[in-house]
Amino acid sequence: MKVPSLYNHVNGIVDLRDAVALHTYEQFDTALRDAAIGRSGDDALMAAALAARRFAHEHPGLYPLLMRPVGEAFSGPGQRIIDLLMAIMSAYCLSDSDALHAIRGLRSIMHGFVDIERSGGFGLPLDLDESYKRLVTVFIQGLRRNEVIGGTGGVG
């Protein structure tokens, strides 16, 4: 009797890594959607940001795969994440390009905080949950004031 081989199902290690990364993007998309559903504006944005951090804690081995560039194979779940965040950003009356800049900023905030946190870089005895919420709140306040750097969108 022959033992089943993983490589009967994938074409090597690269395909295996891609399949795991694709699955991770799909799980991340689901986590953000579940958190944001039924919410809008500030509440939806905060819920999505909290869900992203929670995902990182619950899936420490998979989370770094979200830092990979989104290639053609990942365009489905990657685009769904962007579409969700664009829908959330619509509450801030930004142009599409300003909303995309804001999404990049949000991604940097979320992943930067998580990366520092995961590496033990926050050594002071302060509540990390509170620090994260305050950081996202300041970002939201900037959006509400249409303070997108170099931005032209929004209502004035």
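In the set (1) buried (at least 18 other Cβ atoms within 10 Å of the Cβ); (2) in contact with a Lys or Arg (Cβ under 9 Å, 6 or more places away or on another chain), D42 fails one condition alone, (1). Residue count for the stretch 45-65, restricted to those that are free of Cβ contacts under 8 Å to residues at least 60 places away in the same chain and part of a helix (DSSP H, G or I): 10. Within the stretch 83-111, residues that are over 19 Å from R54 (Cα atoms) have Cβ atoms under 8 Å from residues that are of a type in the set (S, T, Y) and buried (at least 16 other Cβ atoms within 10 Å of the Cβ) in these pairs: A99/Y92; A102/Y92, counting only partners at least 6 apart in sequence or on another chain.
On the basis of being of a type outside the set (G, A, S) and closer than 19 Å to R39 by Cα, does R104 make the cut? Criteria not met by R104.
Let's see how each residue does on (1) among the hydrophobic types (A, V, I, L, M, F, W, C); (2) touching a helix residue (DSSP H, G or I) at 6+ places or on another chain (Cβ under 7 Å):
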position: D42; (1), (2): no, yes
position: A48; (1), (2): yes, yes
position: A51; (1), (2): yes, yes
position: H57; (1), (2): no, no
position: L62; (1), (2): yes, yes
position: D83; (1), (2): no, no
position: I88; (1), (2): yes, yes
position: A99; (1), (2): yes, yes
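Just one of the listed residues (R53, R80) is surrounded by 15 or more Cβ atoms within 10 Å (Cβ to Cβ), modelled with pLDDT of 95 or more and of a type in the set (K, R), namely R53.
Given the structure, is S75 farther than 28 Å from V14 by Cβ and either at pLDDT 95 or above or among the hydroxyl-bearing types (S, T, Y) (or both)?
no
Hey, does the stretch 66-74 have a residue that's touching an Asp or Glu at 6+ places or on another chain (Cβ under 7 Å), farther than 14 Å from L143 by Cβ and in a helix (DSSP H, G or I)? So far as the stretch 66-74 goes, yes, one or more of its residues are touching an Asp or Glu at 6+ places or on another chain (Cβ under 7 Å), farther than 14 Å from L143 by Cβ and in a helix (DSSP H, G or I). Taken over the stretch 24-41, the residue count meeting the criterion of being under 13 Å from A87 (Cβ atoms) and either touching a Ser or Thr at 6+ places or on another chain (Cβ under 6 Å) or of a type in the set (A, V, I, L, M) (or both) is 3.
When T30 is tested against (1) without any contact (Cβ under 8 Å) to a residue 40 or more places away in the chain; (2) polar (S, T, N, Q); (3) touching a Phe, Trp or Tyr at 6+ places or on another chain (Cβ under 9 Å), exactly one condition is not met: (3). Per the listing A21, A47, the residue uniquely in contact with a Lys or Arg (Cβ under 9 Å, 6 or more places away or on another chain) and modelled with pLDDT under 95 is A21. Of the listed requirements (1) modelled with pLDDT under 95; (2) farther than 18 Å from V138 by Cα, L94 misses just one: (2).
The values are calculated or read from the model by the stated rules, or taken from the named source; none is laboratory data. Values in this document were obtained by computation on a predicted structure and should not be read as measured data. Heads up, the Cβs are rebuilt from the backbone with ideal geometry, glycines too, and the neighbour counts pull from every protein chain shown.
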